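**Student:** Take a look at the following structure, please.
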Amino acid sequence: MITQVKAEIKKILGSLTSVVTKDRVAALTFDDGPHPEFTPQVLDVLDRHRAQATFFMVGQAAKQYPDLVRRVGEAGHAIGGHSWDHSSFRRLTGSERRRQMLACQEALAPYGSPLVRPPYGEQSLAARLDAFRLGYEVVGWSFDVGDWYELDASLMANRLVEWLQPGSVVLLHDALFDQSKPASERKHERQSHADRKFMLKALDEALKRLSGRYHFVTVPELLRRGSPYRTFWFKKFVY
């Protein structure tokens with residue numbers, strides 16, 4: 001009984017960070033898009049390596065580039081919400097937070113799925129309950145490749161290859177929505193870089209090295225391949 005109660009609490013309040021599975025599958029996720037220059041290049045790399053991914057899109061960008069939303073969705077990738085304007089959920093009132101999630105959902109229609117990733121990974125208990133009431137699965141990540149600040153493509157590729165495990169959810173960015181000036185609660189110790197060319201090179205290199213070793217799927221497909229592992233991520237912070 002106690003175990004069952006704990007499981008229910010984690011289902012309501014926990015954020016998905018990986019999936020427990022013996023299959024050699026993992027999920028690549030891309031935040032902050034869509035971007036007119038970089039998102040198509042990400043799609044080309046994924047297509048070249050026959051990899052599927054999940055894109056957590058910002059509502060304002062999705063509304064500005066609906067053709068890119070459609071292209072991502074029609075290519076078989078999953079699309080989740082990443083707020084309307086990339087404001088930290090911890091800084092918003094409950095009504096504004098809910099408005100942002102629903103406005104983003106509208107901008108992603110009909111290609112969006114009931115997945116949400118809080119900007120910067122920042123959320124509170126109230127934010128997590130808002131997402132639950134709206135029917136969202138809150139998705140975190142297993143590890144951050146560091147592509148928002150790192151300029152060494154080989155280093156990023158090594159991280160992705162060496163840190164990857166069955167069921168991993170990998171954090172990447174096909175854009176930096178706030179152009180390296182994040183409206184977060186914390187100040188960055190690292191300088192962020194909007195140019196995605198280093199990430200693209202790292203992604204291509206890593207997928208070449210992982211060919212035949214791992215199969216990259218969407219987050220919904222990953223959930224079908226194992227048991228969700230959720231953690232209490234109320235104060236998580238990464239860009």
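**Student:** Residues to consider are Gly73, Gly121, Gly140, Gly135; find the one that is more than 22 Å from Leu43 (Cβ to Cβ), out of contact with any Cys (no Cβ under 8 Å at 6 or more places or on another chain) and without any contact (Cβ under 8 Å) to a residue 40 or more places away in the chain. Reasoning before the result, please.
**Tutor:** Details: Gly73 fails: more than 22 Å from Leu43 (Cβ to Cβ); Gly121 fails: without any contact (Cβ under 8 Å) to a residue 40 or more places away in the chain; Gly140 fails: without any contact (Cβ under 8 Å) to a residue 40 or more places away in the chain.
That would be Gly135, the only listed residue that is more than 22 Å from Leu43 (Cβ to Cβ), out of contact with any Cys (no Cβ under 8 Å at 6 or more places or on another chain) and without any contact (Cβ under 8 Å) to a residue 40 or more places away in the chain.
**Student:** Name the pairs: first residue in region 45-56 and more than 13 Å from Ser211 (Cβ to Cβ), second residue assigned to a loop (DSSP other than H, G, I, E, B) and acidic (Asp, Glu), Cβ to Cβ under 9 Å, at least 6 apart or on different chains?
**Tutor:** Phe55/Asp174; Phe56/Asp32
**Student:** Tell me which residues, restricted to region 94-127, are open to solvent by less than 30 Å² (accessible area, probe 1.4 Å), over 19 Å from Val219 (Cα atoms) and of a type in the set (A, V, I, L, M, F, W, C).
**Tutor:** Ala103, Ala107, Ala127
**Student:** Looking only at helices (runs of 4 or more DSSP H) that fall completely inside region 34-83, which ones have 2 or more residues that are in contact with an Asp or Glu (Cβ under 7 Å, 6 or more places away or on another chain) and open to solvent by less than 10 Å² (accessible area, probe 1.4 Å)?
**Tutor:** 38-48
**Student:** Restricting attention to region 79-89, does a residue exist that is within 18 Å of Leu207 (Cβ to Cβ) and either without any contact (Cβ under 8 Å) to a residue 12 or more places away in the chain or hydroxyl-bearing (Ser, Thr, Tyr) (or both)?
**Tutor:** no
**Student:** For region 90-118, enumerate the residues that are touching a residue at least 60 places away in the same chain (Cβ under 8 Å) and part of a helix (DSSP H, G or I).
**Tutor:** Listed by number, the residues that qualify are Arg90, Arg91.
**Student:** Looking at (1) under 18 Å from His173 (Cβ atoms); (2) at pLDDT below 95; (3) among the basic types (Lys, Arg), which one does Arg117 not meet, given that it meets all the others?
**Tutor:** Among (1) under 18 Å from His173 (Cβ atoms); (2) at pLDDT below 95; (3) among the basic types (Lys, Arg), the lone unmet condition for Arg117 is (2).
**Student:** Within region 17-33, how many residues turn out to be surrounded by fewer than 22 Cβ atoms within 10 Å (Cβ to Cβ), assigned to a loop (DSSP other than H, G, I, E, B) and touching a strand residue (DSSP E or B) at 6+ places or on another chain (Cβ under 9 Å)?
**Tutor:** The total comes to 3.
**Student:** If you don't mind, there's one more thing I want to ask. Taking region 66-86 as the region of interest, how many residues are farther than 14 Å from Asp31 by Cβ and of a type in the set (Gly, Ala, Ser)?
**Tutor:** 3
**Student:** I've got another one for you. Hey, among the residues in region 149-196 that are buried (at least 20 other Cβ atoms within 10 Å of the Cβ) and in a loop (DSSP other than H, G, I, E, B), which one's modelled with the lowest pLDDT?
**Tutor:** Top of the filtered list is Pro182.
The values are calculated or read from the model by the stated rules, or taken from the named source; none is laboratory data. Values in this document were obtained by computation on a predicted structure and should not be read as measured data. Cβ atoms come from the backbone with ideal geometry, glycine included; neighbour counts cover every protein chain shown. What goes into the accessible areas is simple: the full protein's heavy atoms, side chains included, and nothing from ligands, DNA or RNA. Shrake-Rupley method; radii C 1.70, N 1.55, O 1.52, S 1.80 Å.
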